[in-house]
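Q: Please read through the structure below; I'll follow up with questions.
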Amino acid sequence: MKRIGVLTSGGDAPGMNAAIRAVVRKAIYHDMEVYGIYNGYQGLMDGKIEQLNVGSVGDIIQRGGTILYSARCEEFKTDEGQNKGIEQLKKLGIEGLIVIGGDGSFQGAAKLTAKGFPCIGIPGTIDNDIAGTDYTIGFDTALNTIIEAVDKIRDTATSHERTYVIEVMGRDAGDLALWAGLANGAESVLIPEKDEPFENVVDRLKRGSERGKKHSIIILAEGVGSGFEYGKKIEEATNFETRVTVLGHIQRGGRPTGADRVLASRLAGKAVDLLLDGKGGRMVGIQNNQLVDHDIIEALNQKHNVDMSLYQLMTEISI
Ligand code: ADP
């Protein structure tokens, strides 16, 4: 394979730039040409494609977001949309494509591969909700953003003797909430994967208060429901002054952590290796700190599992 393309699609995630950089540099090292496709699948259909060189990806490893921009595009879910995309790629003599994104983006990559155009998926999303990899690019940075924010909220929670409910992202996955709960020493974590009886949460708050605790932190994953509603219920049940913070899109931005930069570079290197071997229809991942690749459709058919041993530990130490 002599000429490949790379795009970012779906929700952006810190570390995507590090992945783009590694794709471009490694491919050039192996004498391939690399084309950047702007605005995800929309830009692919529209032919917003240009060749990238070593310098095009300079000074981006430390930046959040994606220099290729990202987009959501309904038309690409149709046969016509996908055929348009393939036409654009063929026009430029591009033979393989690397897609950095979440599971929706992987669906698109699988469709192109099924039409004879080899694609490799690199998991890039803060939600950590993709099967076939222990971590996705952006998860660690988003986790650290949450940790910093909750540390700050804890200061004011203590000063005012309040209970805080903090809603974090993660779509249908509880990973961000669970990891942040452990890292922030929260009283309770509410995740979609585990039904936590409301009485347990209230009992923990009351026990803490009786012990003289000055504040309580509850971290709620967005997949569970509204933080505001939960906060209201807590206040009604306990009479403790309760505040709610929805962290929102600050979780998607910022400089990628070292872990995300290294992960992004490693996954990108693996993706280029697969295209060099003429493979398509694969996703790359990291499992037990080993680089792996899986059939992209099989991975899409599997469910990502949050690490419930962390939930158990959380239960045991937030008594
Ligand atoms: P993410 O990749 O973060 O999960 P989305 O689910 O929004 O984000 O998907 C990103 C894009 O991938 C969509 O806007 C669409 O262009 C493409 N896509 C999603 N699902 C499919 C599908 N079933 N077939 C083809 N393309 C798809």
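Quick note: the coordinates plus some simple rules give every number you see, no bench work behind them. Computed from a predicted model, the values in this text were never measured in an experiment. Don't worry about glycine lacking a Cβ; one is built from the backbone with ideal geometry, like all the others, and counts go over all protein chains shown.
Q: Taking the chain as the reference, fit the longest principal axis to its C-alpha atoms, fit the long axis of helix 227-238 to the helix C-alpha atoms, and give the angle between the two in degrees, 0 to 90, nearest 10.
A: Its long axis makes an angle of about 10 degrees.
Q: Tell me, what is the FRET efficiency for LYS115 and LYS194 to the nearest 0.05, using R0 = 35 angstrom and their Cβ-Cβ distance as r?
A: On the way: r = 40 Å, r/R0 = 1.14.
Given R0 = 35 Å and the Cβ-Cβ separation, E is 0.30.
Q: Among ASP12, ASP307, ASP140, which one shows the biggest mean-square fluctuation in a GNM of the chain, springs joining Cα atoms closer than 10 Å?
A: ASP307
Q: Run the reach check for LYS2 against lysines, Cα to Cα strictly under 23 Å, same-chain hits fewer than 8 apart removed. What comes back?
A: Straight-line reach from LYS2, under 23 Å: LYS26, LYS48, LYS84, LYS90, LYS91, LYS111, LYS115, LYS270, LYS279.
Q: Can you list, largest first and rounded to whole Å, the semi-axes you get for the stretch 139-252 by taking the square root of 5 times each eigenvalue of its Cα gyration tensor? Show your work: numbers first, answer last.
A: Numbers: eigenvalues 88, 49, 28 Å².
After diagonalising the Cα gyration tensor, the semi-axes are 21, 16, 12 Å.
Q: So what is the relative contact order of the stretch 139-252, in percent, for Cα pairs below 8 Å that sit 6 or more residues apart?
A: Working: 199 pairs, mean separation 44.6, N = 114.
Reported as a whole number, the value is 39 percent.
Q: If each of GLN287 and ASP31 carries a label point 7 Å out from its Cα toward its Cβ, how far apart are those two points in nm?
A: Distance between label points: 3.4 nm.
Q: Hey, another quick one. Using a basic spin-label model with each label point 7 Å from the Cα along Cα→Cβ, how many nm lie between SER226 and GLU75?
A: Calculated label separation equals 3.6 nm.
Q: Just check the stretch 29-96 against the gyration tensor rule for me: Cα atoms, a ≥ b ≥ c as the square roots of the eigenvalues, rounded for a/c under 1.5, and otherwise prolate or oblate depending on whether a/b exceeds b/c. Spell out each step's value before the answer.
A: Numbers: a/c = 3.08, a/b = 1.40, b/c = 2.20.
It is oblate, given that a/c is not under 1.5 and a/b is not larger than b/c.
Q: Relative contact order for the stretch 189-319: what is it in percent, counting Cα pairs under 8 Å that are at least 6 residues apart?
A: Values: 70 pairs, mean separation 20.4, N = 131.
Worked out over the stretch 189-319, it gives 16 percent.
Q: Still on this structure: Picking from VAL201, GLY170, GLY102, whose Cα lies most toward the positive end of the charge dipole for the chain (charges on Cβ: Lys, Arg +1; Asp, Glu -1)?
A: Toward the positive end, the furthest listed residue is GLY102.
Q: A further question on this structure: Where the centroid of each part is defined by its Cα atoms, how far is the stretch 264-319 from the stretch 216-258 in Å?
A: First find each Cα centre; the distance between them is then 28 Å.
Q: Also: Ordered by packing density, taken as the mean number of other Cβ atoms within 10 Å over each peptide's residues, highest first, how do 213-223, 13-23 rank? Kindly include the intermediate steps, with their values, before the conclusion.
A: On the way: 213-223: 22.8, 13-23: 29.2.
Highest-to-lowest ranking by the protection proxy: 13-23, 213-223.
Q: State, to one decimal in nm, how far the label point of ASN83 lies from the label point of LEU276, with both points 7 Å from Cα in the Cβ direction.
A: 3.6 nm
Q: If you line up the long axis of helix 16-29 against the longest principal axis of the chain, both from Cα atoms, how many degrees apart are they, to the nearest 10?
A: That helix lies at roughly 30 degrees to the long axis.
Q: Using the Cα centre as the reference, give the magnitude of the dipole from point charges on the C-beta atoms of the stretch 139-252 (Lys, Arg: +1; Asp, Glu: -1; all else neutral), rounded to the nearest 20 debye. Kindly include the intermediate steps, with their values, before the conclusion.
A: Values: 15 positive and 20 negative charges, 72 e Å.
Charge dipole, the stretch 139-252, about its Cα centre: 340 debye, nearest 20.
Q: Among 266-275, 49-58, 248-257, how do they line up from the highest to the lowest mean number of other beta-carbon atoms within 10 Å?
A: Values: 266-275: 23.6, 49-58: 14.7, 248-257: 17.3.
Order by mean packing, descending: 266-275, 248-257, 49-58.
Q: Now, a different point. Using the Cβ atoms and a cut-off under 11 Å, what net charge is assigned to the surroundings of ILE67, where Lys and Arg are +1 and Asp and Glu are -1? Walk me through the numbers on the way to the answer.
A: On the way: positive: ARG21, ARG63; negative: ASP12, ASP59.
So the environment of ILE67 carries a net charge of 0.
Q: If you don't mind, another one. Cβ under 10 Å from GLU241's Cβ, GLU241 left aside: what net charge do those residues give with Lys, Arg +1 and Asp, Glu -1?
A: Details: positive: ARG162, ARG243; negative: GLU161, GLU235.
It works out to a net charge of 0.
Q: What number comes out for the charge environment of SER318, summing +1 per Lys or Arg and -1 per Asp or Glu over other residues with Cβ under 13 Å away?
A: On the way: positive: ARG204, ARG207, ARG211, LYS213; negative: GLU187, GLU196, ASP203, GLU316.
After counting each charged neighbour, the total is 0.
Q: May I pose another question? Could you let me know the centre-to-centre spacing of the stretch 72-123 and the stretch 1-22, using Cα atoms, in angstrom?
A: 13 Å
Q: Right, here's the next one. Between ILE60 and LYS152, what FRET efficiency follows from the Cβ-Cβ distance if R0 is 30 Å, with the result rounded to 0.05? All intermediate terms of the calculation are to be shown ahead of the outcome.
A: Working: r = 29 Å, r/R0 = 0.95.
It comes out at approximately 0.55.
Q: If you don't mind, another one. If you place +1 on the Cβ of every Lys and Arg and -1 on the Cβ of every Asp and Glu, how big does the dipole about the Cα centre of the chain come out, in debye to the nearest 20? Intermediate results must be reported in sequence, preceding the final value.
A: Values: 36 positive and 44 negative charges, 164 e Å.
Using only the charged Cβ atoms, the result is roughly 780 debye.
Q: Sticking with this one: By the gyration tensor of its Cα atoms, with a ≥ b ≥ c the square roots of the eigenvalues, what is the shape of the chain: rounded for a/c under 1.5, prolate for a/b over b/c, or oblate? All intermediate terms of the calculation are to be shown ahead of the outcome.
A: Values: a/c = 2.53, a/b = 2.35, b/c = 1.07.
Taking the square roots of the gyration eigenvalues as a ≥ b ≥ c, the chain is prolate.
Q: Given a 10 angstrom Cα cut-off, can you work out which residue in SER188, SER209, SER70 is the most mobile in a GNM of the chain?
A: SER209
Q: Over the chain, what relative contact order in percent results from Cα pairs under 8 Å that are six or more residues apart?
A: Details: 720 pairs, mean separation 74.1, N = 319.
After rounding, I find 23 percent.
Q: A follow-up question, please. Rounded, prolate or oblate: which fits the stretch 1-125, taking a ≥ b ≥ c as square roots of the Cα gyration tensor eigenvalues, rounded meaning a/c under 1.5, else prolate when a/b beats b/c? Display every interim value, and only then the final one.
A: Values: a/c = 1.77, a/b = 1.23, b/c = 1.44.
It comes out oblate by the Cα gyration axes.
Q: Full-extension gain between ILE297 and ARG211, please, as 0.36 nm times their residue separation minus the C-alpha to C-alpha distance. Each step should come with its number before you reach the end.
A: Values: separation 86, 0.36 × 86 = 30.96 nm, distance 5.16 nm.
Difference between extended and current length: 25.8 nm.
Q: Taking the 0 to 90 degree range and rounding to the nearest ten, how far is the long axis of helix 258-276 tilted relative to the main principal axis of the chain, both from C-alpha atoms?
A: Roughly 30 degrees, rounded to the nearest 10.
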